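Here the structure comes first, spelled out in structure tokens, and everything after it is commentary.
The values are calculated or read from the model by the stated rules, or taken from the named source; none is laboratory data. Quick caveat: nothing in here was measured; it's all calculated off a predicted structure. Here Cβ is always computed from backbone atoms with ideal geometry, including for glycine, and neighbour counts include all displayed protein chains. Note: accessible area is taken over every heavy atom of the protein model, side chains too, but ligands, DNA and RNA are not part of it. Shrake-Rupley method; radii C 1.70, N 1.55, O 1.52, S 1.80 Å.
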Amino acid sequence: MEENTPRGIATAISRLITDGTLAAGSRLPTVRELAQQLGVSPATVSHAWQALSGVGLIESRGRNGSFVRSVSVDWLPPRFREMVGYNDDSLIDLSRGNPDPLLLPELGPALSRVSQHLPVMSYQEVPVIAELELLLKSSWPYPVEAMTIVNGALDALSRSLDQIVRYGDRVVVENPGFPPLFDLLDQLGAVRVAADVDEFGMVPASLRTALDQSPAAVVLQTRAHNPTGASMTAERARELADVLRAHRCGQASLVIEDDHSGEISVSADVSLGTWLPDRVLHIRSFSKSHGPDLRIAALGGPSYLIDKIVARRILGPGWTSRMLQTLLYDLLTHSRSMSQVGEARHIYFARQKALSEALAARGFPTKQGDGVNLWLRVASVDQAMVTLSAARIRVASGTPFLATDPAATAADEQYIRVTAGMLREGFDDVAASLVQAGLRL
């Protein structure tokens, strides 16, 4: 053991579990047995066991003892696997990046209204209902040539990359960035080229350097960046467009923009498409604002790309349910639903502000995030996770969000992601626990 404290014991045991020394299903020593072996009090071991249970590594089976948890997540891609959490109502779960279910608009009234005028559609009907397309085009950040509806932001990313990227192609991604995107690129056989992110999104100088490697595509987030909470300004979007136009390799690169938080973001919707309309695919998801299970995102861009995506999709799922499209249209136009989403946007902003202010009051000023996530630097990811778990708080490790090899990351550049949007109360207590977990400026 590095140290005979709850944190030290939990850290040592967690390493034995993650490296396979302690296999799934292994019975652990009792609290009293291990306390006697280590020469510590049973309470010390008990706190360590609570921390390990909190992060889902072990489970108690009553009088039968504690065991290494056996949970199969092989169906998940690698980085999803690193982010998976376990249900435990005793924890404050700030790890998942999900919207607060209490802030989603009510679906019951909308379903009732929609059921009264659902049309009967045929297989040959256009994939997007006309009124929804008109509504979305009217609010798009630039005049878009074509649009389709798909099943969420990741589906839009996947279908866009399928048309653009071939095995061995390079793709510029944000660092830190969205872990499922990295998994997706790995499956496509693409090579990630990391570009730094600051408080306004992708850094122009870093993009310029990345373009030297002749990438086929550049993928970036425009608002409420996951994990940092940064939102791009119109000035930054113009700077990035200028870099792409001026660079000899950038002129051949297509841009995919992921606006995954859409209507719960307090920032303006901007796009490089304002300057590069023939080379930009812009995604707007409604999962965070209207519900993940709606599985709806809009994808807009030049016709020559959108038409290929639509044609390929016809040979698979065909289209996104027009019933769900009609439901989304109702939610986007009905005054009650619009008010609920607007209220949610203000509440998320207030929660981010309250946690940021509580951290600042403890000597750790942070840049307030947009959307639901906050990105915090820590002395040690492992120590922070165990310490917070002992305080009954779960956050996400920053490691899966790194576009570069974690082993090559500087020791003093370790982070955690906190879904501040899920914190309904207790901001001062959570801030105190975050500081105790080893925050760094």
- Rounded to the nearest 10 degrees, the helix 381-390 long axis (Cα) sits at an angle to the longest Cα principal axis of the chain of 70 degrees
- With everything on Cα atoms, drop me the angle between helix 42-54 and the longest principal axis of the chain, reported from 0 to 90° to the nearest 10. 10 degrees
- Query: Rounded to a whole number, what % of the accessible area of the range 303-441 do carbon and sulfur atoms account for, probe 1.4 Å?
  - Reply: 56 percent
- Query: What is the helix-to-structure angle for 303-314, meaning the angle in degrees between its Cα long axis and the longest Cα principal axis of the chain, kept from 0 to 90 and rounded to the nearest 10?
  - Reply: 70 degrees
- Counting only protein chains, not ligands or nucleic acids, how are His47, His282, His260, His334 ordered by accessible area (probe 1.4 Å), most first? His47, His334, His260, His282
- Message: Counting only other residues whose beta carbon sits under 13 Å from that of Gly189, what net charge do I get with K and R as +1, D and E as -1?
- Response: -1
- Rounded to the nearest 10 Å², the accessible area of Trp375 using a 1.4 Å probe with every protein chain kept is 40 Å²
- Query: Hey, if you put +1 on the Cβ of every Lys and Arg and -1 on every Asp and Glu Cβ in the chain, which of Gly168, Gly342, Gly316 ends up farthest toward the positive end of that dipole?
  - Reply: Gly316
- Item | Relative contact order computed over the chain (Cα-Cα under 8 Å; 6+ residues apart), in percent | 20 percent
- Given backbone amide H placed at 1.01 Å from N, residues whose amide H is under 5 Å from that of Ile256, ignoring those fewer than 5 places away on the same chain, are Val218, Val219, Leu220, Leu281
- Task: Any chance you could look up the accessible area of Ser41 with a 1.4 Å probe, heavy atoms only, rounded to 10 Å²?
- Result: 50 Å²
- Query: Dipole size in debye (nearest 20) for the range 281-439 around its Cα centre, Lys and Arg Cβ +1, Asp and Glu Cβ -1?
  - Reply: 540 debye
- Can you list the lysines whose alpha carbon sits under 23 Å from that of Lys308, skipping same-chain ones fewer than 8 residues off? Lys137
- Which cross-chain or sequence-distant (5 or more) residues have an amide H under 5 Å from the amide H of Ile58, H modelled 1.01 Å from N in plane? Ser53, Arg69
- Residues meeting the amide H criterion for Asp93 (H placed from the backbone, H to H distance under 5 Å, 5 or more places apart or on another chain) are Arg394
- Query: Can you run phi through the Karplus equation (6.51, -1.76, 1.60; θ = phi - 60°) for the range 252-262 and list ³J(HN,Hα) in whole Hz, with x for Gly and Pro?
  - Reply: 9, 8, 8, 10, 10, 10, 10, 9, 6, 9, x
- Item | Under the Karplus curve 6.51 cos²θ - 1.76 cosθ + 1.60, θ = phi - 60°, whole-Hz ³J(HN,Hα) for the range 282-292, x wherever Gly or Pro sits | 10, 10, 10, 9, 10, 5, 5, 8, 10, x, x
- Skip the ligands, DNA and RNA, and give the accessible area per residue of the range 302-353 with a 1.4 Å probe, whole Å². 49 Å²
- With all protein chains in place and a 1.4 Å probe, Arg295 shows an accessible area in Å² (nearest 10) of 100 Å²
- Item | Nearby aspartates and glutamates by direct alpha-carbon distance to Lys288 (threshold 16 angstrom, same-chain neighbours under 8 apart not counted) | Asp100, Glu106, Asp155, Asp258, Asp259, Glu263, Asp269, Glu343, Asp370
- Assign unit charges at the C-beta atoms only (+1 for Lys and Arg, -1 for Asp and Glu), then state the dipole size of the chain relative to its Cα centre in Debye, rounded to the nearest 20. 420 debye
- Note on the structure: Largest-first ranking of Tyr167, Tyr329, Tyr304, Tyr415 by accessible area, probe 1.4 Å, whole protein assembly kept, is Tyr167, Tyr304, Tyr329, Tyr415
- Query: For the chain, with the dipole built from +1 on Lys and Arg beta-carbon atoms and -1 on Asp and Glu ones, taken about the Cα centre, which of Val386, Gly62, Ser14 lies farthest toward the positive end?
  - Reply: Gly62
